[in-house]
């Protein structure tokens, strides 16, 4: 998984029907060599803009959503506690 | 998923039979560290050249197409709304 | 998928039995940030050295070969038409 | 797999229920071009901060945990012996 | 798949039980942009240090081992013939 900060929502009116009702957000990777990378992630645990989160990719993202047929490859799996310090 | 701009169609007369009738396009990643990366993507939601799209990769792409046996690893899953601002 | 140019054959006499008879080639990615990356790919559509091809990776490669148990992770899925112009 | 050093624990009180009780740690890749990359990994073999470990990603991580439905994509699969020298 | 040179063995006494008896080695990618990258790979075809090999990743590695439940994501699938010239 990677650590990232949620920077915004992203809206797509025309999309896969299976994505209807699924919140998509823009996340910016915040640690290590990939810092600054932007990923579109699904969120079902009510994370908000500015939250630092753990993101899982690939099949793990579909397990997070609980439906392996939804066409996503990245999802928030946890919100990092405020007091948790991350390396740069 | 990643955000990308569709830059062109791509044509392959000789290909896997299972790709017959499937529209393939060239997409350029537009945000974050991967900006400028070129990906070949399948599209079934009638996206056009110039559209900004969300692309899912790996097994998610096959879920998007609705046939897990088609040999693709990237697909358009949504067209980003015009008013949506993306980070650079 | 990525666009690549087939640059050579690659030979491995000692290999997985399930790879017997499967043509393996060296491909060089030709567009975007990954240009210059070298991938070993399986080919079952009679592509040749010098051909520009579309390469699928991961499970998609095994779908292309038609046997999900063959231990490959990249395969040619189409030969790009000569008149097709690619970005740099 | 990649070689990495465990640098810290990471805490997420709000997370997928299926992650409850699973220890998550921050790992820094220590060899080759990816050195310095930070990954969030699951650990079930009691590795500790400072340990050099082998990390498997993707579906392999879920096999390590023994539950393919847990939404993780990286896990410690072994602790590298102290006397083992690694390249830089 | 990628081309790599096996540079050393790697030992992990504490590891997943399912890895017992499986030879793990350090491989250095030798062609293209990823040259210099270090990967930990499983080997069941008796490759040795110094051998140039083809490495498959992800689910392909588990197919190579013949047990999709072993938590590995990279394996040697072939030893490149000595007379085979590789690009730099």
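The values are calculated or read from the model by the stated rules, or taken from the named source; none is laboratory data. Computed from a prediction, not measured in an experiment: that's the story for all the values here. When we count neighbours, we look across all protein chains shown, and the Cβ atoms used for this are built from the backbone with ideal geometry, even at glycine.
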For this session: Mind listing just one residue for me: the one in segment A:44-61 that is in contact (Cβ under 8 Å) with a residue 12 or more places away in the chain and assigned to a helix (DSSP H, G or I) and, of those, farthest from the other protein chains (Cβ to nearest Cβ)?
Result: A:61
For this session: Inspect all residues belonging to segment D:31-44 and state whether any of them is more than 22 Å from residue A:81 (Cα to Cα) and in contact with a helix residue (DSSP H, G or I) (Cβ under 6 Å, 6 or more places away or on another chain).
Result: yes
For this session: Restrict the check to segment E:7-29 and report whether at least one residue is away from chain D (no Cβ under 12 Å), in contact (Cβ under 8 Å) with a residue 40 or more places away in the chain and crowded, with 19+ Cβ neighbours inside 10 Å.
Result: no
Problem set entry | The listed residue being surrounded by fewer than 19 Cβ atoms within 10 Å (Cβ to Cβ) and over 17 Å from residue D:77 (Cβ atoms), out of E:81, E:37 | E:81
Exercise. Any idea how many residues of segment D:20-30 are in contact with a helix residue (DSSP H, G or I) (Cβ under 9 Å, 6 or more places away or on another chain) and within 15 Å of residue D:69 (Cα to Cα)?
Worked result: 1
Seminar exercise, completed: Every listed condition ((1) within 7 Å of chain D (Cβ to nearest Cβ); (2) outside any loop (DSSP other than H, G, I, E, B)) holds for residue A:76 save (1)
For this session: Please find, within segment E:70-88, the residue that is farthest from the chain's Cα centre (by Cα) out of those that are farther than 19 Å from residue E:12 by Cα and at pLDDT 95 or above.
Result: E:81
Problem set entry | Those residues of segment A:62-73 which are assigned to a loop (DSSP other than H, G, I, E, B) and either over 23 Å from residue B:86 (Cβ atoms) or more than 11 Å from chain D (Cβ to nearest Cβ) (or both), in sequence order | A:66, A:67, A:68, A:69, A:70, A:71, A:72
